[in-house]
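Worksheet for the structure shown next.
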Amino acid sequence: MEIITRFAPSPTGYIHIGNVRSAIYPYLLARQSGGKMILRIEDTDRARYVEGATELIEDTLEWLGINWDEGPIVGGSHGPYFQSERMEIYHQWARKLIEQGRAYADPTPPEKIEEYRKECNDKKTPFLYRNFRPTDTPEWQPGIPLRFKAEPKEYNWHDEVMGDLHAGPEVLDDIILIKKDGYPTYNFAHIVDDYEMGVTHLMRGAEYLSSTPNYLAIYEALSIERPKIITLPHILRSDGRKKLGKRDGAKSVTEYREDGILAEAMMNYLACLGWNDGTEQEIYTKDELIKHFSVDRIQSSGARYDEVKLLWLNGQWIRKIFTEQGAEALYAHTQDFWPASAKGSSDEDKLKVLSIIYDRLKTLSDLREMTDYFFKDPAIDLELLKNNKFLKKLSEAELESLLKTSIMKLDNLESWDADTLQNALNELLAETDKKPAELFSLIRIAISFAPFSPALNLTMEVLGKETTLARLNAVARAI
């Protein structure tokens, strides 16, 4: 049997990390098995529809390298792939339920339903609409909600992650299938669409577990075979206490992308957030994820979200790309992350900077702060010199003397490469009888006035002789 999975997001705003993980797992399973993945846009909640959200979903998937076999843009044999364009299909299936006596038009006004709900609250009993089911119902037509007519019974089913599950008749209710506006609810539309599109493996979040018995009742009433159910664990806050949400600082994938998180790192991290292959491996390429992924290794308990781990993993990927694919490959990812001062600088100059700074980056956006002084002279801040823990014991006269001695030594160098510069710096240590922490800190701060810089000899090599000496002279004069 060909495995067919699907990712069916709603275009209701930004796409968050939980959404993306719900795309990664179906993608990995489809690719591993040689099957297909379908992208379907569930846009029937018109009140929450956000213009441009579909394009954002498509762009995010493409950025991550998740290509779909059927869906928007690429087409396919099971379209349309927007639920708003499948209205007649839903209505046809709804009529089947009506004919079988398993669905009814419900003209009950919302305020009356709220009265029923309050009555149950007052009695401290669960609210089940089937206990208030209207006896005299009109013929169904758009403008009147259509409800499923539940027949309470026990259900047993197997979940590929959660195992064998059971629910009693008390959870079955008359859920809405078609809303007043004529659009289907998720509860009905996804069942119809998955069947029509041949979906064999259904992956979705644990929040849908409690609704599964009602879904099983609809499958049964329609006499259709349901796909294998694969429940994905919740993504929890870092403290593990509850599901991660916007109020807990959860950011959209777009924000992480704009912050300089690599697509490779994001996919790697989210794939392992609730799954592992039983080894200690942490860095996975997309091909490795496809090779090693298996449904039986998805964990049933919630997975804690750890942004520190994501940043660590991103740093690992920055170094991996540089060392395995080359500086140019990493440079191709950096175009939107250089400081404004780098505007007008050549690719060659920026490549030189990237080559000595890459191993200190956690995100690509770190480039803005870490490299600004390579492209413009930093503001001289003598307090930074005087308060440095290695330099605060030195007088101004000593600082000036050390700078002038260093300038003279460096000015006499015939070549300006990293090795020559390191030799000169080592000779300066002997000549000045200073510790590396003192002399090198003074020169480093004087040429960068930054909290961090790469190895001193590499920084000086990239800055060039003229710029390095000019900055050292400027600080000596300022002192």
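The values are calculated or read from the model by the stated rules, or taken from the named source; none is laboratory data. What you see is a predicted model, and the numbers here were worked out from it, not measured in a lab. Positions of Cβ are generated from backbone atoms using ideal geometry, with glycine treated the same way; all protein chains shown enter the neighbour counts.
Any chance you could count how many residues in segment 374-394 are more than 16 Å from residue 477 (Cβ to Cβ), exposed (fewer than 14 other Cβ atoms within 10 Å of the Cβ) and in contact (Cβ under 8 Å) with a residue 24 or more places away in the chain? Residues that pass the stated criteria total 1. If you go through segment 423-479 and pick out every residue that is among the charged types (D, E, K, R), surrounded by fewer than 17 Cβ atoms within 10 Å (Cβ to Cβ) and in a helix (DSSP H, G or I), you end up with 5. Checked against (1) at positive phi; (2) free of Cβ contacts under 8 Å to residues at least 12 places away in the same chain, residue 101 passes all but a single condition, namely (2).
Which residue is nearest to residue 152 (Cα to Cα), if the candidates are limited to segment 100-131 and must be among the β-branched types (Val, Ile, Thr) and under 42 Å from the mean Cα position of the chain (by Cα)? Applying the filter and picking the extreme gives 125. Does segment 432-467 hold any residues that are under 18 Å from residue 389 (Cα atoms) and of a type in the set (S, T, N, Q), and which are they? If the condition is that a residue be under 18 Å from residue 389 (Cα atoms) and of a type in the set (S, T, N, Q), then 441, 448, 453 are the ones that fit.
Listed by position, the strands (runs of 3 or more DSSP E) enclosed by segment 1-114 that each have at least 1 residues that are within 20 Å of residue 254 (Cα to Cα) are 4-7, 36-39. The single condition among (1) surrounded by fewer than 19 Cβ atoms within 10 Å (Cβ to Cβ); (2) touching a residue at least 60 places away in the same chain (Cβ under 8 Å); (3) outside the structural domain of residue 106 (by TED's automatic domain parsing); (4) closer than 21 Å to residue 8 by Cβ that residue 243 does not meet is (2). One residue alone among 221, 271 is assigned by TED's automatic domain parsing to the domain that holds residue 206 and either more than 20 Å from residue 361 (Cα to Cα) or not hydroxyl-bearing (Ser, Thr, Tyr) (or both), and that residue is 221. Taken together, 32, 83 contain a single residue that is in contact with a Ser or Thr (Cβ under 6 Å, 6 or more places away or on another chain) and among the polar types (S, T, N, Q), which is 83. Annotation for segment 49-57: at least one member residue is modelled with pLDDT of 95 or more and of a type outside the set (A, V, I, L, M, F, W, C).
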